[in-house]
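Derivation of every value follows stated rules applied to the coordinates shown; laboratory data play no part. Keep in mind it's a predicted model, so treat the numbers as computed, not measured. Cβ coordinates were reconstructed from backbone atoms using ideal geometry, including for glycine residues, and neighbour counts include every protein chain displayed.
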Amino acid sequence: MSATTVPPAQTVHDARIPLRGHLRHTGALVRRNLLWIRQDPESMFDAVLFPIVFTLLFVYVFGGSIGQALGGGQEAYVQYIVPGLMAMMGMNMAQGVGTGFNQDFNSGVMDRFRSLPIGRGSVLFAKIAVELVRMLIATTILMVVGVLVGFDITNWPGLLAAVGLSAVFGSALMWIFLTLGVTMKNAQSVQAMGFLVLMPLQFGSSIFAPPQSMPDWLESFTEYNPLSSLADAARGLMVGGPVAHDLWMTLGWTVAITAVMAPVAIHKFRTKD
Amino acid sequence: MTVRGLVKHYGETKALAGVDLDVREGTVMGVLGPNGAGKTTLVRILSTLLAPTAGQATVAGYDVVRQPRQLRRVIGLTGQYASVDEKLPGWENLYLIGRLLDLSRKEARARADELLERFSLTDAARRPAGTYSGGMRRRLDLAASMIGRPAVLFLDEPTTGLDPRTRNEVWDEVKRLVGEGVTVLLTTQYMEEAEQLASELTVMDRGKVIARGGIEELKARVGGRTLRIRPADPLRLRPLAAALDELGITGLAPVTVDAERAALLVPVLSDEQLTAVVGAVTAQDVTLASISTELPSLDEVFLSLTGHRAGEPLDTEPAGSAEHREEVAA
């Protein structure tokens, strides 16, 4: 190599990575994941179509009957389901991150990343950051569709707070799916596993319908289901009603899940054979 | 690079059963062995991707277990499969690695341009790596490994699955890198590749080192070359074989007839034997269609070093590499 080229990256080989380094690495990896989207715009289909399809489906299929139970009609159900769907959105995006991550692993790129002097979490943080961007896009579309079918935004700060809450809870869940993505053999099993866990959690919650009409055992389950807390907190923030208890429950779950699963995911990532 | 008593177990299976290895700075160490010999496991441990069960290893002065961060700064890795991001253009692949190696934006850009130029990929810089040919992908992979100007480069079967022309391209690139003073650990299944690139050779089988030494030294031990003689008239094949048998030259193996290609395979140990064989053929007054010398195959190497054949299916590699094994065996 000619002598005029750039000098070696770093001549002193320090084991510690400064915060700036972590940010630089995560930033570079975020750029990579964003380039993926540019290369493959179809990967945004779920973020774009999911809120449209689900909002229309739930409002027009179940809106009439559940709305009646709520003491109104379809309009009452719109106010109920839109915050619920916002909670659900985080979930589905979180699941996608596991599948994508698993595919990454089967391509050999991860071997290269793991043989580079970067922080253990950078690859995972970048995944989560990009997934949050997708989540925000999906949420924006959800709100637009929601307003079109009659959702009243009365409380803008509350709306923003609900979006923020869904995002932090969603990123906590992503650690679970990242762990699944690292541990399971292929993307299909990650998806199947995610589906098996998510379906009962989503439907056994207050996302789609008020739990009062459910049998006792299911009602108690929904009460402790973190998705109910998130949906109820989002509802309280966006359309009014009691918030504090559900808000604290959601934040508690977020912290607990992250505290347990983030180290597990990072450890699995580093030590995968 | 110093490796002492390296052991790696996967449950019951012993992928590495106590490996010692020394590689001097600026040399190319070839690690030759069949599938399941533990070559990939060795590379993965030395490149900090895998923790050993027991034993010690230092690479470029850093302990692979205790100082992985420092070590990662000075190594480059090119795996059996090109580990580039297929969705990203070639340039973006290199730029990303540059940034992850703490180059400034400007430096990373310059380095990406420079390496693309050097590996003749400038024209394809903006195309996704997924659209590259096999050879281009390997070259991009090598380029990515070189971004941080590593002192030590691991090449894990760099040409497995490539056609001969592309293989030569990769060899040329590796030779250039070696000319620049990079220390290389190369694993391969091909004696020819080892001879082309390595100065020293370690032969592995079932997780153990079974022979080591200079290429020439090992070749001498293995028994030199094989002469492939093809008479113009296939009917002369067997009489010629009988005549050569009578000559009494026995190299590594007896004279064999490759009926399918109408050729005779005559192993020879020395230049004198080679000359004697050619003389005997001439004396038979046989018109030849072709005559060439070949290096002993991995099988022959193993047969002579260990007394058993290589490539017998041995489950000493991790389950994850099963698919690699199949592809390589084809």
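Return the pair list, or none, for Cβ contacts closer than 9 Å from residues in segment A:20-35 that are more than 8 Å from chain B (Cβ to nearest Cβ) to residues that are surrounded by 18 or more Cβ atoms within 10 Å (Cβ to Cβ) and of a type in the set (F, W, Y), at least 6 apart or on different chains.
Going by the 9 Å Cβ cut-off, the qualifying pairs are A:H22/A:F125; A:T26/A:F125; A:V30/A:F125.
Could you pull out the residue among A:L142, A:L196 that is loosely packed, with under 15 Cβ neighbours inside 10 Å and farther than 12 Å from A:M91 by Cα?
Answer to the check: A:L196.
Against the definition (of a type in the set (A, V, I, L, M, F, W, C), buried (at least 22 other Cβ atoms within 10 Å of the Cβ) and part of a helix (DSSP H, G or I)), how does A:V61 come out, yes or no? Spell out how you get there, then give the answer.
Details: of a type in the set (A, V, I, L, M, F, W, C): yes; buried (at least 22 other Cβ atoms within 10 Å of the Cβ): no; part of a helix (DSSP H, G or I): yes.
Criteria not met by A:V61.
Residues of segment A:154-189 being in a loop (DSSP other than H, G, I, E, B) and in contact (Cβ under 8 Å) with a residue 40 or more places away in the chain, which ones?
Result: A:T154, A:N155, A:M184, A:N186.
Kindly provide the set of residues from segment A:237-250 that are without any contact (Cβ under 8 Å) to a residue 40 or more places away in the chain and either of a type in the set (K, R) or surrounded by fewer than 21 Cβ atoms within 10 Å (Cβ to Cβ) (or both), ordered by number. Even if it seems obvious, please write down each step before you answer.
Taking segment A:237-250 as the starting set, the residues that turn out to be without any contact (Cβ under 8 Å) to a residue 40 or more places away in the chain are A:241-246, A:248-249.
Selection gives A:G241, A:P242, A:V243, A:A244, A:H245, A:W248, A:M249.
Taking segment B:85-121 on its own, how many of its residues are part of a loop (DSSP other than H, G, I, E, B), among the hydroxyl-bearing types (S, T, Y) and buried (at least 23 other Cβ atoms within 10 Å of the Cβ)?
0
For B:E86, which of the numbered conditions (1) without any contact (Cβ under 8 Å) to a residue 24 or more places away in the chain; (2) over 15 Å from A:S115 (Cβ atoms); (3) facing chain A (nearest Cβ under 8 Å); (4) not hydroxyl-bearing (S, T, Y) fails to hold?
(1)
How do the pairs read when you match residues in segment A:251-267 that are surrounded by fewer than 17 Cβ atoms within 10 Å (Cβ to Cβ) with residues anywhere that are assigned to a helix (DSSP H, G or I) and among the β-branched types (V, I, T), using Cβ under 6 Å and keeping only pairs 6 or more apart or on different chains?
Sorted first by the residue in segment A:251-267, then by its partner, the pairs are A:V264/A:T179.
Which one of these does A:S65 not meet: (1) within 16 Å of A:V239 (Cβ to Cβ); (2) out of contact with any helix residue (DSSP H, G or I) (no Cβ under 6 Å at 6 or more places or on another chain)?
The one condition A:S65 does not meet is (1).
Condition (residue is assigned to a helix (DSSP H, G or I) and either within 27 Å of B:R24 (Cβ to Cβ) or not basic (K, R) (or both)) applied to segment B:72-84: is it met by at least one residue? Working first, answer last.
Taking segment B:72-84 first, the residues assigned to a helix (DSSP H, G or I) are B:72.
Pick out the ones that are also either within 27 Å of B:R24 (Cβ to Cβ) or not basic (K, R) (or both) and you get B:72.
Looking for residues that are assigned to a helix (DSSP H, G or I) and either within 27 Å of B:R24 (Cβ to Cβ) or not basic (K, R) (or both), one finds at least one in segment B:72-84, hence yes.
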